[in-house]
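Peer 1: Please read through the structure below; I'll follow up with questions.
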Amino acid sequence: MSRIPLQLGVTGGLGAGKSMVCEIFQSLGIPVYNADHRARWLMENEEELIEAIKKKFGDKTYSGPKLNRDYLASQVFDNPEKLGALNALVHPRVRVDGKNWAKTRLDYSYLVREAALMIESGSYKDMDYLLVVTAPEYIRKQRVLKRDPFRSPEEVDDIMASQLSEEEKIKLSDFVLVNDGKNLLIPQVLKIHENLSTTH
C-alpha cells in the first residue's frame, strides 16, 4: 500500500502572498489544495453541510443552490460566536475533503495545502510541515486594498486584527518565507522544494 506523500501546509496573514507562493509550487509540478476555495465549493455542493448551515443561519443563507455570501457575512461579521459556529460546521468537512484529495495523489514526493486559517482551524496538525508566508503589515494592507477595492482600510485593519499574529504563526512553523518585495520568492520556494523532494 502506497504511503500518502508528505504534506506541506501553507498559511499566512491577509495579503501575505500565499496564493503567489502556491502558484510557484504548482509550476514545479506539485499539486496544491486550496482549502478556502474548496470550502466555498463544499458549501454549495455538499447536501449535509448545506442543510446544517440552513438550520443554523436560516433559509436566507441560500438563494436556490447558491450560497448568499453577503447575507452569511452579515450574520457572522463582528459576531465571534456565530463565526465560530460556522467554522465548526465547515472546517471539519474541509479537513475530510483535504485528506481524501491527498489519498488520490500518491505519486508525488509531497503535496501542498493552502489555507488562511490553517492554524486557527487546527488543520495544521494534519500537516507534516508548516510554511508561513510573511510580509510587513503595511505592505500586506497595501496589497489587499489594491486587490480588493471594495474593502475599506478600516475593514482590512479589522480582519488583520482578528487573525493570529505573524509572530504566533512563526512559532509553529517549520519554514518561513519572506514576501516583502525585497527577498526573491522563487529561490526561497526552490530551497523548500529541494528539501521536501529529498525527504520522502
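Peer 1: Can you compute the charge dipole magnitude of the chain about its Cα centre, using +1 on each Lys and Arg Cβ and -1 on each Asp and Glu Cβ, nothing else charged? Give it in debye, rounded to the nearest 20. Kindly include the intermediate steps, with their values, before the conclusion.
Peer 2: Working: 28 positive and 29 negative charges, 75 e Å.
In debye, rounded to 20, the chain gives about 360.
Peer 1: Filter the chymotrypsin sites (Phe, Trp or Tyr not before Pro) in region 1-109 down to the DSSP loop ones having no more than 13 other Cβ atoms within 10 Å, then list what survives.
Peer 2: Working: sites: Phe25, Tyr33, Trp41, Phe57, Tyr62, Tyr71, Phe77, Trp101, Tyr108; in loops: Phe77, Tyr108.
Counting only loop positions with at most 13 other Cβ atoms within 10 Å, the chymotrypsin sites (Phe, Trp or Tyr not before Pro) in region 1-109 are Phe77.
Peer 1: Sticking with this structure for a sec: For the residues Ser197, Ser63, what sequence is obtained by ranking on other C-beta atoms within 10 Å, fewest first? Don't skip to the end; give the middle numbers.
Peer 2: Numbers: Ser197 14, Ser63 10.
Going from sparsest to densest Cβ surroundings: Ser63, Ser197.
Peer 1: FRET efficiency for Trp41 and Thr198, Cβ-Cβ distance as r, R0 = 25 Å, nearest 0.05? Before the final figure, lay out each step's value.
Peer 2: Numbers: r = 34 Å, r/R0 = 1.34.
With R0 = 25 Å, the Cβ-Cβ based efficiency is 0.15.
Peer 1: Between Val133 and residues 5 or more places away or on another chain, which pairs have amide H atoms under 5 Å apart, with H built 1.01 Å from N, and which residues are they?
Peer 2: Thr11, Gly12, Leu177
Peer 1: Would you mind calculating the gained length between Ile4 and Ser152 on full extension (0.36 nm times residue separation, minus the Cα-Cα distance), in nm to one decimal?
Peer 2: Separation in residues times 0.36 nm, less the Cα-Cα distance, equals 49.0 nm.
Peer 1: How long is the gain from Asp126 to Ser63 if the chain were fully straight, where each residue apart is worth 0.36 nm and the alpha carbon distance is subtracted?
Peer 2: Details: separation 63, 0.36 × 63 = 22.68 nm, distance 3.41 nm.
Result: 19.3 nm gained on full extension.
Peer 1: Here's another thing I want to ask about it. Computed from the coordinates I sent, semi-axes √(5λ) of the Cα gyration tensor in Å equals one of [x] 29, 23, 14; [y] 29, 15, 13; [z] 26, 21, 16. Tell me the label.
Peer 2: Step by step, semi-axes √(5λ) of the Cα gyration tensor in Å for this structure corresponds to label [x].
Peer 1: Ok, one more. Could you check what % of the DSSP bridge pairs in the chain are antiparallel, to the nearest 5? List each step's numbers first, then the result.
Peer 2: Numbers: 2 of 19 bridges.
Close to 10 percent.
Peer 1: While we're on this one: Between Ile186 and Leu145, what's the calculated FRET efficiency when r is the beta-carbon distance and R0 is 30 Å? Round to 0.05.
Peer 2: Working: r = 26 Å, r/R0 = 0.85.
With R0 = 30 Å, the Cβ-Cβ based efficiency is 0.70.
Peer 1: Ok, one more. Suppose a student asked you for the relative contact order of the chain, using Cα pairs under 8 Å spaced at least 6 residues apart; what percent would you report?
Peer 2: Numbers: 252 pairs, mean separation 75.8, N = 200.
Here the relative contact order equals 38 percent.
Peer 1: What does the charge count around Ile4 come to, taking other residues whose C-beta lies under 9 Å from its C-beta (Lys +1, Arg +1, Asp -1, Glu -1)? Don't skip to the answer; put the middle values down first.
Peer 2: Details: positive: Arg3, Lys99, Lys103, Arg105; negative: none.
Net local charge, Ile4 excluded: +4.
Peer 1: Projecting each Cα onto the charge dipole of the chain (Lys/Arg +1, Asp/Glu -1 at the beta carbon, about the Cα centre), which of Ala16, Met118, Ala39 comes out farthest on the positive side?
Peer 2: Ala39
Peer 1: In nm, what is the difference between 0.36 nm times the number of residues separating Ala73 and Tyr138 and their Cα-Cα distance? Kindly include the intermediate steps, with their values, before the conclusion.
Peer 2: Values: separation 65, 0.36 × 65 = 23.40 nm, distance 2.52 nm.
Residue separation times 0.36 nm, minus the Cα-Cα distance, leaves 20.9 nm.
We did not get these values from a lab; they are worked out from the coordinates using the rules stated. Bear in mind the structure is a predicted one, so any value in this text is a computation, not a measurement. Counting neighbours? That spans all protein chains shown, and the Cβs are built from the backbone with ideal geometry, glycine included.
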